[in-house]
Amino acid sequence: MRQSGELVSSGVTMVCLLALSDQGAACYDERLAARMTALGAPSFACTPDLFPGLMATAIGKGDIAAWAARHEIITR
C-alpha cells in the first residue's frame, strides 16, 4: 500500500483491474480494493471489449471513474 501510494502521489496513473472477462467480476478483497481506490487507483472489472477504452483514458490522464460510469461499470 505504501509503494502504491507513493506511485500515485508521484503522478503515476494506476488502475486495479480485478478481472478482464465477459463473465463478470472476479472474487476479490473488497477492503483492499477500497483502500486502492482511496489512494487514487480505482478498482474494477472490465470486459475485453472495453479494455482499450479504459487504457486510452488512463494513458490520456482522463477521469477513469467518469469513463467507468459512462460504460455502467461499478468501481470499488
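The values are calculated or read from the model by the stated rules, or taken from the named source; none is laboratory data. Just so we're clear, the structure is a prediction, and the values are computed from it rather than from any experiment. For neighbour counting, all protein chains shown are included, and Cβ atoms are generated from backbone atoms with ideal geometry for every residue, glycine included. All accessible areas refer to the heavy atoms of the entire protein, side chains included, with ligands and DNA or RNA removed. Shrake-Rupley method; radii C 1.70, N 1.55, O 1.52, S 1.80 Å.
Residue count for segment 21-72 under the criterion of being β-branched (V, I, T), open to solvent by less than 60 Å² (accessible area, probe 1.4 Å) and assigned to a helix (DSSP H, G or I): the result is 3.
Evaluate the following for V8: is it surrounded by 11 or more Cβ atoms within 10 Å (Cβ to Cβ) and in contact with a Ser or Thr (Cβ under 8 Å, 6 or more places away or on another chain)?
Working: surrounded by 11 or more Cβ atoms within 10 Å (Cβ to Cβ): yes; in contact with a Ser or Thr (Cβ under 8 Å, 6 or more places away or on another chain): no.
The answer is no for V8.
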